[in-house]
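Notes follow the structure.
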């Protein structure tokens, strides 16, 4: 069994795009609102609200920190803490020429997570005028690594 910090990192890794994070937050709000008022088990509730991977990590996290449904206050604090963590994940904006595949997004996110000290979610913008490469906007900084920029600079 993994410890709570490792499980939190696994959970954050399931959030690739800003849309994923927004969807997760909406699901977490519903989970917090319904965790104590529904006849569903937590497994059923989480299965309805979250992706399979997220559900599994959340259930493992609850077990790892020793929370039961009878300890409602502790469960609510845990879920609210996860929600607060996700709500403040920084957004890295990437502008590319074509919509990346799901696999490409996962690999980009893994590369960023490996080479950065900051966990981020991606906001993908598609602009065919960039031709190739990427524009990156993050933390008030902007970098242009596009083919368009290279062509303009060489003309």
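The table below gives the values:
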read-out	value
Residue, farthest from residue 135 (Cα to Cα), within segment 91-106, restricted to residues that are under 15 Å from the mean Cα position of the chain (by Cα) and surrounded by 12 or more Cβ atoms within 10 Å (Cβ to Cβ)	106
Qualifying position, being in contact with a helix residue (DSSP H, G or I) (Cβ under 6 Å, 6 or more places away or on another chain) and either at positive phi or modelled with pLDDT of 90 or more (or both), among 91, 136, 82	91
Check on residue 131, in contact with a helix residue (DSSP H, G or I) (Cβ under 6 Å, 6 or more places away or on another chain), in the same structural domain as residue 8 (by TED's automatic domain parsing) and either buried (at least 17 other Cβ atoms within 10 Å of the Cβ) or more than 23 Å from residue 14 (Cβ to Cβ) (or both)	no
Single unsatisfied condition, residue 67 versus (1) closer than 15 Å to residue 14 by Cα; (2) crowded, with 16+ Cβ neighbours inside 10 Å	(1)
Residue match in segment 43-61 (condition: more than 29 Å from residue 116 (Cβ to Cβ) and in contact (Cβ under 8 Å) with a residue 24 or more places away in the chain)	no
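Table: residues versus (1) at pLDDT 95 or above; (2) closer than 17 Å to residue 124 by Cα; (3) in contact with a helix residue (DSSP H, G or I) (Cβ under 8 Å, 6 or more places away or on another chain); (4) not assigned by TED's automatic domain parsing to the domain that holds residue 76.
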site	(1), (2), (3), (4)
20	yes, yes, no, no
25	yes, no, yes, no
28	yes, no, yes, no
32	no, no, yes, no
41	no, no, no, no
44	no, no, no, no
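The values are calculated or read from the model by the stated rules, or taken from the named source; none is laboratory data. Everything numeric here is computed off the predicted structure, so don't read it as measured data. Cβ sites come from the backbone with ideal geometry, for glycine too, and all protein chains shown count toward neighbours.
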